[in-house]
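Peer 1: Got a structure here, written out as structure tokens. Questions coming.
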Amino acid sequence: MIVKFKESTGRNEIEILRKHLTDLGFAIHESVGQTYTIFGIVGDTSKFDMNSLYAFPSVDTVLRVQEPFKKVNRKFKLTD
């Protein structure tokens, strides 16, 4: 999962979300650019409600990289 922060996000707000996610057992890969900061969240996010991250005012966008139910998905197994 990828979390993009809003442009005006301060370091304190980023650390609050980092603590929340690490407390849930996820690993975080942070990328700091000139304008935006993003988190690459590593771990089993299939059962995690990514929309819950929008409760944090500093979050701009949340994208799921891994598809849910991938072991029963047609992209994983083409036949019944």
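The values are calculated or read from the model by the stated rules, or taken from the named source; none is laboratory data. Computed from a predicted structure; not experimentally measured. All Cβ positions, even for glycine, are placed from backbone atoms using ideal geometry, and neighbour counts span all protein chains on display. Side chains are part of the model used for accessible areas, which takes the heavy atoms of the whole protein and leaves out ligands, DNA and RNA. Shrake-Rupley method; radii C 1.70, N 1.55, O 1.52, S 1.80 Å.
Peer 1: Can you name every residue in the range 28-39 that is touching a residue at least 24 places away in the same chain (Cβ under 8 Å) and not polar (S, T, N, Q)? I'd like the intermediate steps shown before the answer.
Peer 2: Of the range 28-39, the ones touching a residue at least 24 places away in the same chain (Cβ under 8 Å) are 35-39.
Within the range 28-39, Tyr36, Ile38, Phe39 qualify.
Peer 1: Cβ-Cβ below 7 Å, separation at least six or inter-chain, first residue in the range 3-27 and within 13 Å of Leu53 (Cβ to Cβ), second open to solvent by 30 Å² or more (accessible area, probe 1.4 Å) and among the polar types (S, T, N, Q): which pairs?
Peer 2: Here the result reads Lys4/Thr61, each pair linking the range 3-27 to a residue that is open to solvent by 30 Å² or more (accessible area, probe 1.4 Å) and among the polar types (S, T, N, Q).
Peer 1: Restricting to the range 19-60, give me the number of residues that are small (Gly, Ala, Ser) and exposed (fewer than 10 other Cβ atoms within 10 Å of the Cβ).
Peer 2: The total comes to 3.
Peer 1: Further question on the same structure: Could you list, in sequence order, all residues of the range 1-18 that are hydroxyl-bearing (Ser, Thr, Tyr) and buried (at least 18 other Cβ atoms within 10 Å of the Cβ)?
Peer 2: Across the range 1-18, the qualifying residue is only Thr9.
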